[in-house]
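Engineer: Okay, here's the structure, questions in a sec.
The values are calculated or read from the model by the stated rules, or taken from the named source; none is laboratory data. Computed from a prediction, not measured in an experiment: that's the story for all the values here. In this analysis, Cβ positions are derived from the backbone assuming ideal geometry, glycine residues included, and neighbour counts consider all displayed protein chains.
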Amino acid sequence: MTDDPTTAAIEAQNDERAQLRAENHRLSKALVAAYTDVEVVTADRDRLSKLDDASFAKGYDQAVCEIRDHFARTEQREVVAEIEKIWKSERASAGTMS
């Protein structure tokens, strides 16, 4: 450090700039890490959403089958026919009719 006030002010400004550059670099790295985390979470969410949709559809079909089978075992054919009519209509409108 020097006794000259101008030189001291310049050195202080240089030190402050170096600190600001280091802080800017640190914040830039943190921002990149945050964006990466968001992308990973978004990808996971999208993947899980697709799995949930498929699981729901499979579970729904299974539940409808079990309900229909229950009424079939109790020989309530009108109820079975109505369940199948509604179920087939839903599947056709959803485009999942096989």
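Engineer: List the pairs whose first member sits in the stretch 62-76 and is at pLDDT below 90, whose second member is in a helix (DSSP H, G or I) and exposed (fewer than 13 other Cβ atoms within 10 Å of the Cβ), and whose Cβ atoms are under 7 Å apart, counting only residues at least 6 apart or on separate chains?
Structural biologist: Pairs found: none.
Engineer: Quick one: how many residues across the stretch 60-98 are of a type outside the set (Asp, Glu), surrounded by 11 or more Cβ atoms within 10 Å (Cβ to Cβ) and within 27 Å of the chain's Cα centre (by Cα)?
Structural biologist: Matching residues across the stretch 60-98 total 2.
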